[in-house]
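Data block below; observations after.
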Amino acid sequence: MSIVNSAAYSFLNSEVHTSDTYLSVETFENLRKHIYDQCGIYFQDNKKYLLEARLSKRISHLRLNSFEAYLNYLKYNVNKENEKKYLFDAITINETYFFRNQPQLDALVTKVIPEIIEQKQKAGKNRIRIWSAASSSGEEAYSIAISILDFIKIKYPDFEFEITGTDISHAAIEAAKNGIYKDYAVRSTPAHYLKKYFKAKGNVYHIDPSVKQMVQFRFLNLYDDSDMKTMMGIDIIFCANVLIYFDINSKIKVVSSLYNSLNRGGYLFIGYSETLHSVSKAFRLVSFSKTIGYRKE
């Protein structure tokens, strides 16, 4: 192990005593700043308990004796880059399910995709790129794929659809790639979809290969400029329930990057409880039945 500061690493051989491990206000503020600098997620003061609870197991696993020791590990340890994935797994919430936002999917297949197909046909192109920018364990991306298979491919069999799901949690990405879900994840899935696009084994559901082959998943940090530059030329972006974890400055940065990723005439969909008000004036708000979207002019 390469030691940057031997004093800072005197903790590495000591065992953690969880009953004595406490996140002080000062360390919380320093940890919060470090997390913010890495991914833009901001922990409010009233979320100190949440950060403490989520990082305690990782501190115990590393046999560290304090949150201060873990912060030093994140900053200076030779494995600090690898540790990021465990940090991101710990601090993110992967609460999602299939067909969580049906009105958005309805707008996608009845209005947005037909509109973009018309644009593509005029330009002599036949591929649409869709990005689920916070795909968690894959339910949103697969819901998009199922909707396209059921409503669009029949009408436009020659059109190709490239669907990419990304997330900051490596554990979530691996779950998405596996495509295996329990009852809770499919609780809002229409019965005919369950029969047609899933293979049930007890209370476990496997995504059908016809859906799985339409989607690719990979890690991506929405706050990282170099990561964001890998997602350009996108026609439709779903980025739901992510902005609520950012402060205004990180929201502005992320939304600006999403705007740059979109083709002209492309659409951005965000969560029900989220808004671009005071974040960006670059998009035109478009109303659909029971939902809204944002169009890049």
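Odds and ends about this structure:
- Filter on Lys229/Lys253; Lys125/Lys153; Lys125/Lys155; Lys111/Lys251; Lys111/Lys296 - keep pairs with C-alpha separation over 18 Å: Lys111/Lys251
- Region 81-138: trypsin sites (Lys or Arg not before Pro) in DSSP coil with no more than 16 other Cβ atoms inside 10 Å: Lys125
- Residues His34 and Asn82, FRET efficiency given R0 of 22 Å [Cβ-Cβ distance, rounded to 0.05]: 0.90
- Length gained when the stretch Lys182-Lys111 is fully extended (0.36 nm per residue, less Cα-Cα span): 22.4 nm
- Long-range HN-HN contacts of Ile234 with modeled amide H, under 5 Å: Leu262, Asn263
- Between the helical axis of 25-39 and the longest alpha-carbon principal axis of the chain there is an angle of about 40 degrees.
- Loop-located trypsin sites (Lys or Arg not before Pro) in region 217-297, at most 14 other Cβ atoms within 10 Å (DSSP): Lys229, Lys281, Lys290
- Calculated P(r) tail over 32 Å for the chain, as whole % of Cα pairs: 34
- Shape metrics for region 18-91, restricted to C-alpha atoms - Rg then Dmax, Å: 11.2, 32
- Region 45-82-region 213-266 distance, computed between alpha-carbon centres (Å): 27
- Shown in residue order for region 90-103 are the 3J(HN,Hα) couplings computed by the Karplus curve 6.51 cos²θ - 1.76 cosθ + 1.60 at θ = phi - 60°: 6, 9, 9, 10, 10, 8, 7, 6, 5, 6, 5, 10, 4, x Hz (x for Gly and Pro).
- Label sites at Asn249 and Asp227, each approximated as a point 7 angstrom past Cα along Cα to Cβ, lie 1.9 nm apart.
- If the segment from Phe288 to Ser256 were pulled out straight at 0.36 nm per residue, it would be longer than the present Cα-Cα gap by 9.2 nm.
- Region 160-297 - convex hull of the alpha-carbon atoms, volume per residue in Å³: 139
- Taking Cα atoms only, the orientation of helix 48-61 departs from the longest principal axis of the chain by about 70 degrees.
- Bridge type composition, the chain - antiparallel percent by DSSP, nearest 5: 45
Since every read-out is calculated from the coordinates, none of them should be taken as a lab result. Keep in mind that this is a model prediction, so the values were computed, not measured. Every residue, glycine as well, gets a Cβ built from its backbone with ideal geometry; the counts of neighbours run over all protein chains shown.
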